[in-house]
Amino acid sequence: MASVTLTIRGMTCQHCVMAVKRALKSVAGVDGATVEIGKAVVSYDPAKAGIEEMKKAIAEEGYEVVGAQA
């Protein structure tokens, strides 16, 4: 398992937190996510999921990933 911290723009409330968490859990290979306003810490299997897939899932919910730190 690997872990990445994503910085996310556009989140303002708990609904945003739930939307991002749901989006991340929909990505195959994501094992878990701890989400706060503006940030998500994601554990994932790099053989099955990548940061680009996570960014795309978050973007589909209307938020923008502006940083990723392993």
Label points 7 Å out from Cα along the Cβ direction at D31 and T7: separation in nm? 2.6
Would you indicate which of [x] 3, 14, 20, 26, 23, 11, 3, 1; [y] 4, 20, 36, 27, 10, 3, 0; [z] 3, 17, 23, 20, 13, 10, 8, 4, 2 is the value of P(r) over Cα pairs in 5 Å bins from 0, in percent derived from the coordinates of this structure? [y]
Between the helical axis of 51-60 and the dominant principal axis of the chain, each derived from Cα atoms, what acute angle in degrees is found, rounded to the nearest 10? 30
If each residue of separation counts as 0.36 nm, what is the full-extension length gain between Q14 and E52 once their alpha-carbon separation is subtracted? 11.3 nm
Cut-off 17 Å (backbone N to label point 7 Å along Cα→Cβ of D45), residues of region 20-39: 25-33
Tell me the angle of helix 14-25 to the major Cα principal axis of the chain, expressed in degrees between 0 and 90 and rounded to the nearest ten. 20
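None of the figures in this text is laboratory data; all of them are computed from the coordinates on show. Predicted model, so just to flag it, every value in this text is computed and none were measured. Backbone-built Cβ (ideal geometry, glycine too); neighbour counts: all protein chains shown.
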